[in-house]
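> I have a structure here, written as structure tokens, and I will follow up with some questions on it.
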Amino acid sequence: MLRATTASLCTYCQRMRVFIPPSAASTSTVAAPNKRVENQHTVDALYELSVDVRKVRKFKSWVLAENTSYVSEMADLLRDMGADTVSIAQVLETHPEAILCRPEDAAAQRDLWLSVYPNRRELMSIVEKFPASFFSITHRANQRANIQYLQSLRLSKRIIGKLLASAPQSFSQPVERNQEVIHTLRETYLDLGGDEGNVRVWLQKLLSQNPYILMRPAEAWRDSLGFLREQGFTTEELLKLVSSLGASMAELQPEAMRYAMGYVEGALICTKEELKDIVMRCPTILYYSLPTLIGRFQGLMDLGVSMEQIKESPNVLELTMQIVLYRIQKLASYGYDVRWGSLDVIVGTKKDFELSYGKLHLRQQRPLFNPVAPLMSAEE
């Protein structure tokens, strides 16, 4: 353990003080009268570990001024988990607050995380990526209770680990709150006609898509689904929407969905049933803001795309105008004019588009078949 002592100047700094004009020294003192003096023992210990102290000083200077720090103890703990010199320096540079954790607290946190990641080297790789999550050592009783609860649901180690690393706040809250959210998710899935045997897989999919889903109140799910029921979506359709939107469903606000659906209905001049069909084919419409939808509609109009084409291929609204323009220009080089054809050729992922683009390319390169031309033999 390192404790604060009177900050001492190294021999080099003592020599350099002779050459600093008194006016400069006084100016420096006035410029930062409230600046805290660094704990020289902390600074020296970090230098010994090859930590870039300038980086720490720039972003987390307050850490260097704390009276008590545990630099060597944290380095030993990380080393015990398989970290090398470079990894230790990286962790302490990224999250210097780690050196303020009491050794016994950090060791207890390590043991708790080992209940999810039994392999220490595997755990160390997670700590390197998410040091702030690992060293969030408050509410350990809640963390332990939430880990045990999620394990009781037979969720995979990978899912629990992802939640623990990406959304540690959800483990700090009382386990009862997470139980309420999980219960709501389970009941929602079953009420919509989901199979009891697939609940666990469905939950894992949701938690994997959005680790922060447990931070959303259970009421958010009920509000979103209640609004969509009012719009005439059937139970079967709601199950499809929930499955396709996944965890994003909890983030949808009824009022925002009302604006989005109202705008699309007016822009495409469609009936309620047609609007439902469009939403089912492009559920992401529900969580786009009104300015985003207006911008994409206007952008497509500027490119010569008709409303009828958008109605037939609503997934084009999932793409930014930059991506749409790039794909249209690339297809135009092979003579495909999207203004007179289907937009299906430009929608989808990058892989989907490359496949469509490749087919057009082959169509141009393939020679026309002449039925009267003699066939070439294998020897030829």
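Throughout, read-outs are computed from the coordinates displayed, never taken from laboratory work. Since we're looking at a predicted model, the values are computed, not measured. Here the Cβ is made from the backbone with ideal geometry for all residues, glycine too, and neighbour counts use every protein chain on show.
> Report the charge-dipole magnitude of segment 108-250 in Debye, nearest 20, computed about the Cα centre from +1 at each Lys and Arg Cβ and -1 at each Asp and Glu Cβ.
So the magnitude is around 800 debye.
> Among 146, 193, 125, which residue has its Cα positioned farthest towards the positive end of the charge dipole of segment 98-244, with +1 placed on the Cβ of Lys and Arg, -1 on the Cβ of Asp and Glu, and the dipole taken about the Cα centre?
Checked the options; the winner is 125.
> Cβ neighbours within 10 Å, averaged per peptide: list 40-50, 71-81 in order, most packed at the top.
Taking the mean over residues of other Cβ atoms within 10 Å, the ranking is 71-81, 40-50.
> For labels at residue 137 and residue 325 in the simple 7 Å Cα→Cβ model, what's the distance in nm?
The modelled label-to-label distance comes out at 5.3 nm.
> Among 170, 125, which comes first, then next, by fewest other beta-carbon atoms within 10 Å? Kindly include the intermediate steps, with their values, before the conclusion.
Working: 170 23, 125 16.
Fewest to most other Cβ atoms nearby, the residues stand as 125, 170.
> A further question on this structure: Counting Lys and Arg as +1 and Asp and Glu as -1, each charge on the Cβ, what is the dipole of segment 197-354 about the Cα centre in debye, to the nearest 20?
It comes to approximately 440 debye.
> Could you give each residue of segment 113-127 its phi-based ³J(HN,Hα) in whole Hz, using Karplus coefficients 6.51, -1.76, 1.60 with θ = phi - 60°, and x for Gly or Pro?
5, 5, 6, 9, 10, x, 7, 5, 5, 5, 4, 5, 5, 6, 4
> Please give, to one decimal in nm, the separation of the simple spin-label points placed at residue 47 and residue 351, each 7 Å out from Cα toward the Cβ.
Once both label points are built, they end up 5.2 nm from each other.
> In whole Hz and in residue order, list the ³J(HN,Hα) couplings for segment 182-191 that follow from phi through the Karplus curve 6.51 cos²θ - 1.76 cosθ + 1.60, θ = phi - 60°; x for Gly and Pro.
4, 4, 5, 4, 5, 5, 4, 4, 6, 4
> Could you tell me which of 203, 260, 218 has its Cα farthest along the dipole of segment 195-261 towards the positive end, charges placed at Cβ (Lys, Arg +1; Asp, Glu -1), taken about the Cα centre?
203
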